[in-house]
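The values are calculated or read from the model by the stated rules, or taken from the named source; none is laboratory data. The structure presented is a predicted model; accordingly, all values stated were derived computationally and were not measured. When we count neighbours, we look across all protein chains shown, and the Cβ atoms used for this are built from the backbone with ideal geometry, even at glycine.
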Amino acid sequence: MTTTISWEMIAEYLREELADYGGLLHLFETQQRALFDRDAPTVLRLANEIETHARTLSQSRTRREQTVAAFAEEHGRPAGSSLRSLLPLIETDAQPLIEALINEVNALLHRVRRTSRHNHSLLTRAVEIHQETLSHLRPNSFTKTYSPGGRVSVSSSQSSSTLRVAG
């Protein structure tokens, strides 16, 4: 049986995914610094970059998953087999490399998720503070409502702000 999917190809896709996770983590950390610096334009720009980079990461991950599934099928294993469970099918000398790459991808994935949740909390709190400030400045202009799940929604009772000139 001739194998068309090599461990080298899997390693290359793991490296690409690792680089993408590293890039995404860097963007989240940069966004966090911008949040602490109260640099709203940078936060917004980074939000767009994060979204674009997350799409690229998703494509890398899908490519790696498809390659691993093809490798598994070529070796008579289910396509849904984990890469770790396929390690015995890889050359003995290459197994530590693949295992190290798997561990690094998983570690970065957890760091990205943790940093993303932290940034989300910071952004949520910043919006809440902004809404509270606006409601104190114009108390009759905003209405708070609660969803059945307990989420708070703030809406403006005016479609746009207006200035009145006394004459």
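A count restricted to region 19-74 and to residues that are among the basic types (K, R) and within 30 Å of T4 (Cα to Cα) stands at 4.
Among the criteria (1) touching a helix residue (DSSP H, G or I) at 6+ places or on another chain (Cβ under 7 Å); (2) assigned to a helix (DSSP H, G or I); (3) more than 16 Å from V112 (Cβ to Cβ), the one L18 does not fulfil is (3). S135 meets all of the listed conditions (1) out of contact with any strand residue (DSSP E or B) (no Cβ under 8 Å at 6 or more places or on another chain); (2) in a helix (DSSP H, G or I); (3) surrounded by 12 or more Cβ atoms within 10 Å (Cβ to Cβ) but one, namely (1). The set of residues from region 70-85 being free of Cβ contacts under 8 Å to residues at least 24 places away in the same chain and more than 30 Å from L27 (Cα to Cα) comprises A72, E73, G76, R77, P78, A79, G80, S81, S85. Among all positions in region 13-31, there is at least one residue which is under 23 Å from H110 (Cβ atoms), touching a residue at least 40 places away in the same chain (Cβ under 8 Å) and in contact with an Asp or Glu (Cβ under 6 Å, 6 or more places away or on another chain). Quick check, is S58 polar (S, T, N, Q), at pLDDT 95 or above and outside any helix (DSSP H, G or I)? It is false that S58 is polar (S, T, N, Q), at pLDDT 95 or above and outside any helix (DSSP H, G or I). Test L27 against the stated conditions and say whether it is under 30 Å from F71 (Cβ atoms), modelled with pLDDT of 95 or more and surrounded by 14 or more Cβ atoms within 10 Å (Cβ to Cβ). No; evaluated as a whole, the condition is false for this residue. Among the residues of region 91-150, which ones are charged (D, E, K, R) and closer than 30 Å to M9 by Cα? Correct list: E91, D93, E99, E104, R111, R113, R114. Sub-9 Å Cβ pairs linking a first residue in region 51-67 that is within 23 Å of N119 (Cα to Cα) to a second residue that is of a type in the set (G, A, S) and at pLDDT 95 or above, at least 6 apart or interchain, are H53/G23; T56/G23; L57/G23, ordered by first then second residue. Inspect region 86-104 for any residue being within 29 Å of T30 (Cα to Cα) and either without any contact (Cβ under 8 Å) to a residue 12 or more places away in the chain or over 28 Å from the mean Cα position of the chain (by Cα) (or both) and give the result as yes or no. Yes, that holds for at least one residue.
Scanning region 69-102 for residues that are outside any loop (DSSP other than H, G, I, E, B) and of a type in the set (S, T, N, Q) yields S85, Q95.
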